[in-house]
Structures are given as structure tokens and as C-alpha cells.
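Let me begin by presenting the structure, written as C-alpha cells, before commenting on it.
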2 protein chains.
Amino acid sequence: MTTPSNAQRDPRDLPDVGSLVVGVLGGTGEQGRGLAYRLAVAGQKVIIGSRSADRAESAAAELGAGVRGTDNATCAAESDVVIVAVPWDGHKELLVSLREQLAGKIVVDCVNPMGFDKQGAYSLPVEEGSAAQQAAAVLPEARVTAAFHHVSAVLLLDPNVESLDTDIMVLGDERAATDVVQALAGRIPGMRGVFAGRLRNAGQVEALTANLISVNRRYKAHAGVRITDV
Amino acid sequence: MTTPSNAQRDPRDLPDVGSLVVGVLGGTGEQGRGLAYRLAVAGQKVIIGSRSADRAESAAAELGAGVRGTDNATCAAESDVVIVAVPWDGHKELLVSLREQLAGKIVVDCVNPMGFDKQGAYSLPVEEGSAAQQAAAVLPEARVTAAFHHVSAVLLLDPNVESLDTDIMVLGDERAATDVVQALAGRIPGMRGVFAGRLRNAGQVEALTANLISVNRRYKAHAGVRITDV
């Protein structure tokens, strides 16, 4: 028996991720709580992390669905896949402090480096090219991917919204890692994980959030993105 | 009677653009010919421009649908809306040379500054932030917008493809100009023009083309983008 090469494999043939524990760093923020809630409801074991274990525990109790809360380091250590949903300000410092716990883990960066002024949102320049590339630079032993940039925290957290009408662009340099993240995204009703390139092309995906904020303002919407012909 | 302010206006209420003449600079390239063909079939008067009037005339004759061909300067002078579909290499020089002809015109930049290597496509850094911002910088009297970055030339040029399943993100700082470009996009079956922010947020929309090239490679697709909840 031979294993098919990556190029030969069906890109829709994704691994079973049901048994993986998902950690969410910054799990008490809007985006973090929203993702934790949806993944837990989909059946995933979810741990949210925060600087304060107490706050994480309270947030987890409020979310229900079996979500646990603890400090960021324990969250990272006990999870198989770790979503980074912290504010851009402090992103690098937190990841540097968790380098040991995140070694070998699949890290999913969903941070959008953005500024706001009276004309709306705009993307901030990042020395490494993107938040995800910064994560990869400071976490050389982790398997860094980028995803979940554009999903509306409002919709994620609204229990009346049954299905999230959006694709999740998943980026990364290691096929096995992006496959897992695509599969995770696909567990949330309405969502689909679509491979969208290597980490060096993550900056524009992060920055596109500023455009979706403009869309939301103009159309009074919670805009998402679908990739067509896929 | 009072005129509603921009903020009060329905963003789906777009002007009638049927009588506008559309020029396409770089109209003998794949993207330029594709857009010219679709807009002409939709009923728009279209002029394609090229450095060589002869080549433009030949390309126009091949496209049919009433498309005319001429040199770039005449194309710019005789059009109401001018799509810039030239290669990134030479973009600035061409626009500088047409400053006079483009004064007061709606300019639609659809150029994607990109490089390619064995790992695929990647976005090139642009001093002004984006091709569209470069256009605005060298054309201070023009009404510069950005749009049509992601549409597949292959699909545009295939007469068997009746409908293009994609939204067109339209960017610009002047509402009246972006409204016209959205309306133009909406004339092509399947397409919809969606306002997606100011010119300062054009860079990531241009760069997203690199991601769609990754999608196309992985899924053997001609990927487009839809904005959901709009």
C-alpha cells in the first residue's frame, strides 16, 4: 500500500477531529467565547483560557455546553488544538510566555491587527507580515495556522442563530495541521473550512476584517465570506 | 424636498449606468478582454485601449459585441468610466502618462501586485499601500475606485459560462463613484457590486487574489468570493 501524496489527496477528505481537545486563549473575549460555545455545542471538548483562572471559570460556566475554564498556561498545556483569540495588543508577549506549553500543538491564530478612527477600521502593519507569522516566529516548535478571522462574534454568541453562513479561510504551511483546522470549522453548522494558502498570505486575510467592518456599517449586516466554485 | 444624506440612503439603490461608456486600459490582456466582453454583452458601450491601437482593434474585433479598440490615451479620453487592467509592472507609468485624459473620470483599478515562485503566488509590497492608492496618488483629479480583483479571466472569456457566481468588492472614498462601479458590476449576470471600504483598505483586497490562486490550485477551481448577510 502506498500513501497518496498531498497533491493527489482529495482536499475535501478531512480527518475526524471529534476527540481533540480545543483550547481558546483569550477565551473570555467576545470572539473566544463565541468560538468556544459553537465548538462545544458541536461536541468538541473545549477549555477556555484567560490570565485569570477565576474569570475563565465564570465565563465557562456561563457558556455551559461542558466548557471548562482555567489559566492560559494550563489551557495551552491540556489542549490538542489551541485557538489564539487574544487582543493584538499583547499577542506576542502571551505567545512567548507559552512557548513550552504550545510546542507540538496545532495553534490557530485568529487575531486581526487593526486600528480604528472616525473613518472606520484599518489594518495595522505587522513587522512579521501578519499576526499568524508573528506566532510562527515566536513559536518555532508549534504547528501554526490561521483561521476564524471573519466570523461575527455577535452571531457566534446568539443561541437563536442555528447556522453560521460563512466559510473559514484556513492558512498554514503544513497540510496535516490545516486539514485538522478545516475539519474543526466544518463541525459548526453552516461553516466550512477552506484551505486558502500559506502563512505568508495570512496578512491580507487578517486585514480583510477591516473591509467586512465597512460592509457591516454600510449594509447594517454581520457579513461573512463564501468562496465560490469550491 | 431634501436630499437624503449618504448614511440614510439605501446601499442597494444604485444609479442607472446604461448610458456610460466604459474604457478598459490594458484591454488586450486576459482580464481586460474578459471584463470588456461581459460588459459589452450586458449592453454597455465598451472601448478597449492598448499601447498599440492596431492590437486593440484586432482584439475588439475578436470580442465582438460592439467593442471598439484604440490606443490607451484615446480610450481614456472617450470613456466615462475607465477600468485599469494593465500589468502591475508599468501601472504607475501608464497612469502618469494619462493624467490629463483621466481627470474627472471614474477610474476602476483592478490591478493585483503579485509575485510568483515555486510555492505559488504572494502579494508584493506597494509603497503607496496598494495599486489603487498608487493610482489615486498619481491621478489627483480622477475619481479612483478599486474593484474586479478576483474575477476569473477564464470564466469571463468563456461564452458557455452564462453567470459569474461572485460578488465584486468595490472600494473608494467617494460614494457617487463607488455606487456607479457597483451598478456596473451588477449588470453582469451573477455578479453583484458590494461596497467594501475606503481606498486605504484596498491593499488586502488586491492581495487576497494570492489566496484565491491557492484555493484554485488546491481545489482545481475558479474561485470567487461572496459576501454573506448582505
- Dipole of the stretch B:1-112, Cα-centred, from +1 at each Lys and Arg C-beta and -1 at each Asp and Glu C-beta, to the nearest 20 debye? 120
- Under 19 Å from residue A:92, Cα to Cα: lysines that are on another chain or at least 8 residues apart: A:105
- Accessible area (Å², per residue) of the protein assembly as shown, counting only protein heavy atoms and a probe of 1.4 Å: 41
- Query: Length gain on complete extension for the stretch residue A:176 to residue A:7, per 0.36 nm per residue less the alpha carbon to alpha carbon distance?
  - Reply: 59.6 nm
- Each residue of A:159-167 has, on average, a number of other protein chain C-beta atoms within 10 Å of its C-beta equal to 1
- Query: Non-local amide H neighbours of residue B:24 (under 5 Å, H modeled in plane, Pro and chain starts lacking H): which ones?
  - Reply: B:47, B:48, B:49, B:83
- Taking all pairs of different Cα atoms in chain A, averaging 1/r and flipping that mean, what Kirkwood radius in angstroms comes out? 17.6
- residue B:144 long-range amide H proximity, modeled H, under 5 Å: B:107
- Kindly write out, for the stretch A:107-114 in residue order, the coupling ³J(HN,Hα) from the Karplus curve 6.51 cos²θ - 1.76 cosθ + 1.60 (θ = phi - 60°), rounded to whole Hz, with x marking Gly and Pro. 9, 10, 8, 10, 7, 10, x, 9
- Note on the structure: Listed by chain and number, the residues whose amide H is under 5 Å from that of residue B:124, excluding neighbours fewer than 5 places away on the same chain and using placed H, are B:114, B:115
- Query: Which residue fluctuates the most in chain B, going by a Gaussian network model with Cα springs under 10 Å, if the choices are B:74, B:145, B:28?
  - Reply: B:74
- In nm, to one decimal, how far is the modelled label at residue A:19 from the one at residue A:100, with both set 7 Å along Cα→Cβ? 2.9
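Counting only protein heavy atoms and using a 1.4 Å probe, what share of the accessible area of chain A belongs to carbon plus sulfur, as a whole percent?
49
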- Shielding by partners for B:198-211, please: the mean number of other protein chain Cβ atoms within 10 Å of each residue's Cβ. 6
- Message: At a probe of 1.4 Å, how much accessible area disappears from chains B and A on forming the pair, both sides counted, to the nearest 100 Å²?
- Response: 3600
- Note on the structure: Taking only C-alpha positions in the stretch B:1-117, Rg and Dmax in angstrom work out to 15.7, 59
- Query: For the modelled label position 7 Å from the Cα of residue A:88 along Cα-to-Cβ, which residues of the stretch B:190-210 have backbone nitrogen atoms closer than 18 Å?
  - Reply: B:197-208
- Percent antiparallel among DSSP beta bridges (both partners in chain A, rounded to 5): 20
- Task: With springs only between Cα atoms under 10 Å apart, run a GNM on chain A and tell me which of A:13, A:80, A:167 wobbles the most.
- Result: A:13
- R0 of 25 Å, Cβ-Cβ distance residue A:158-residue A:55: FRET efficiency to nearest 0.05: 0.70
- Message: Can you compute log10 of I(q)/I(0) for the protein assembly as shown with the Debye formula, treating each Cα as one identical point scatterer, at q = 0.12 Å⁻¹?
- Response: -0.99
- Describe numerically, in nm with one decimal, the distance between label points set 7 Å from Cα along Cα→Cβ at residue A:80 and at residue A:62. 2.9
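The values are calculated or read from the model by the stated rules, or taken from the named source; none is laboratory data. From a predicted model like this one, the values you see are computed outputs, not experimental measurements. Cβ sites come from the backbone with ideal geometry, for glycine too, and all protein chains shown count toward neighbours. Please note that ligands, DNA and RNA were not included when accessible areas were found on the heavy atoms of the full protein model with its side chains. Shrake-Rupley method; radii C 1.70, N 1.55, O 1.52, S 1.80 Å.
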